[in-house]
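The values are calculated or read from the model by the stated rules, or taken from the named source; none is laboratory data. Keep in mind that what you see is a predicted model, and the values were worked out from it rather than measured. FYI the Cβ positions are ideal-geometry reconstructions off the backbone, even for glycines, and counts take in every protein chain you see. With ligands, DNA and RNA removed, areas are computed over all heavy atoms of the protein, side chains included. Shrake-Rupley method; radii C 1.70, N 1.55, O 1.52, S 1.80 Å.
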Amino acid sequence: MALYVYQHGVLSINWKIEKVFRLFFPEFSNKVTWTVIIAGLGLTSSSILQNILNEILATEFNIKILGSYDSLVGIVLITLGLTHNILLQREKTKIEVNGRFDSEAKKEALSREHDLKLYQKVTKGFEEYFLTEYISSLTDDHSYSRNDKARLHDFVYYSQETEYDFLNTELNEKFTEFGQALSKVMNWTALHFFHHPSHIVMENQTYCLYPELNPDRGGEDDRLGKYNKHALEIVNLTDELLEKYKLFRSCVKRELYI
């Protein structure tokens, strides 16, 4: 992706340079221009000889057999030829510019349409409160349920698979960072949260932060300091997660207008 953006940028710059060059140094590619300019040059160069010969004839014999306005006609023809060529090339450049803008606008529209459909796909069935409730449960009660985790886990998968890459570079970057932050939280809780109560098995199982260190869950009071250290760690991780989600969602609004 980065290579494509770089190459596209270089090509775009080269094209702009070529456009400016052609504006001031247009191509002499059409037959009308060549014909008119060659005729003008012929008249101009021949008229110089004619003027010399006319002067000699006028001085020696007092006669004048060649036209005295050929040089002027030649200059006019050259001017007309150059003007015609410049106007023609400018019109061609305008057409190319408009065509390029139309093409780029079409590509942008297709890119946005792709990203919009992808966003709708990866967020299908998702509500923002799923995330806020999950974070709130982790930081306030130091617990989460299997269902809380399951309805968010797809984001981790989507953010890791190239099949679900957004074409918009910034949007894809924000989505990847959100997925990584979510994965970090889930991996951390998998190591530090445990089935509780341990003797009860439920379909929507609850997992808690080190129950044996928490006096409210039957743990020992003298180990509360260690427990609080782990509790602070999950707060820091979820703060980062929420921030990454907000950045991703803001980018969606800015780029996809939803």
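Computed values, structure above
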{"read-out": "Residue tally, condition within 27 Å of Trp188 (Cβ to Cβ) and not in a helix (DSSP H, G or I), over the range 125-167", "value": "10"}
{"read-out": "Residue list for the range 174-202, restricted to those being of a type in the set (A, V, I, L, M), in a helix (DSSP H, G or I) and without any contact (Cβ under 8 Å) to a residue 24 or more places away in the chain", "value": "Ala190, Leu191"}
{"read-out": "Qualifying positions in the range 157-185 - open to solvent by 40 Å² or more (accessible area, probe 1.4 Å) and either β-branched (Val, Ile, Thr) or on the phi > 0 side of the Ramachandran plot (or both)", "value": "Thr162, Thr169"}
{"read-out": "Tally of residues being touching a residue at least 12 places away in the same chain (Cβ under 8 Å) and open to solvent by 40 Å² or more (accessible area, probe 1.4 Å) across the range 207-228", "value": "3"}
{"read-out": "Residue in the range 78-122 that is modelled with the highest pLDDT, counting only those that are in contact with a helix residue (DSSP H, G or I) (Cβ under 9 Å, 6 or more places away or on another chain), basic (Lys, Arg) and open to solvent by 100 Å² or more (accessible area, probe 1.4 Å)", "value": "Lys121"}
{"read-out": "Hits in the range 153-172 - residues which are under 28 Å from Phe194 (Cβ atoms), out of contact with any helix residue (DSSP H, G or I) (no Cβ under 6 Å at 6 or more places or on another chain) and not acidic (Asp, Glu)", "value": "His153, Tyr157, Gln160"}
